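For reference, the structure is listed below as structure tokens.
What follows draws every value from the coordinates through simple rules; no lab data is involved. Keep in mind the model is a prediction, meaning the values are calculated, not measured. Glycine also receives a Cβ, built like all others from the backbone with ideal geometry; neighbour counts cover every protein chain displayed.
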Amino acid sequence: MKTSPLELLEAARDAAGHAYAPYSQFPVGAVIEMQDGTRYDGCNVENASYGLTLCAERNAITTMIAQTTGTNPAARRIKRVAIVGLKAKPCWPCGACRQVLREFGTQEVIVEGDGGEPLVTSFEELLPHSFGPEDLGS
Ligand code: THU
């Protein structure tokens, strides 16, 4: 059965519980659901050299790549991403994460509305006229 947006947000909230965010005190969790149904999660990982901070979304994506080989393309295509910031409703993905989510074909973005309800948005709405692998040409 298809996982509900609310269930994905719950999984993202669990992931946020693993965050290493001593500088911002702004824990974030993300879950990516692939076209083959597999899910990966990630949290933000900060650093004393602030600029090296890794966002939750990109952490989930690097885990996904490390755990797949690319022989099954669907295993590397993102269907949906759910993002939870423990201190922000909604917590939209930053610009850098949008571009990296774009690389893997993300179709839908799920964040929490003011009251915790799922807000489901098409990825195209968050990053219109985007640049991606196809644009490099042949
Ligand atoms: N953060 C994420 O993990 N994802 C986003 O899309 C927005 C920002 C993290 C980075 C940093 O650790 C903290 O939130 C505050 O910016």
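For segment 7-44, filtering for residues that are among the hydroxyl-bearing types (Ser, Thr, Tyr) and under 11 Å from the mean Cα position of the chain (by Cα) leaves 1. Within segment 81-103, no residue that is in contact (Cβ under 8 Å) with a residue 60 or more places away in the chain and assigned to a strand (DSSP E or B) sits with its Cβ atom under 6 Å from a residue that is within 10 Å of the ligand (Cβ to nearest atom) and of a type in the set (Lys, Arg) at 6+ positions apart or across chains.
Condition check ((1) under 25 Å from His129 (Cβ atoms); (2) of a type in the set (Lys, Arg)) across all residues:
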| position | (1), (2) |
| --- | --- |
| Ala15 | no, no |
| Arg39 | no, yes |
| Ala48 | no, no |
| Leu54 | no, no |
| Thr62 | no, no |
| Lys79 | yes, yes |
| Ala88 | no, no |
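Taking the conditions exactly as written (more than 15 Å from the ligand (Cβ to nearest atom), over 14 Å from Val109 (Cα atoms) and not aromatic (Phe, Trp, Tyr)), does Thr69 satisfy them or not? When the stated conditions are applied, Thr69 passes them. Restricting the search to segment 4-60, which residues are in a loop (DSSP other than H, G, I, E, B), surrounded by 15 or more Cβ atoms within 10 Å (Cβ to Cβ) and away from the ligand (no atom under 13 Å from the Cβ)? Gln35, Thr38, listed by residue number. Would you be able to say whether some residue in segment 64-73 is part of a loop (DSSP other than H, G, I, E, B) and either under 12 Å from the mean Cα position of the chain (by Cα) or closer than 20 Å to Phe123 by Cα (or both)? Looking for residues that are part of a loop (DSSP other than H, G, I, E, B) and either under 12 Å from the mean Cα position of the chain (by Cα) or closer than 20 Å to Phe123 by Cα (or both), one finds none in segment 64-73, hence no.
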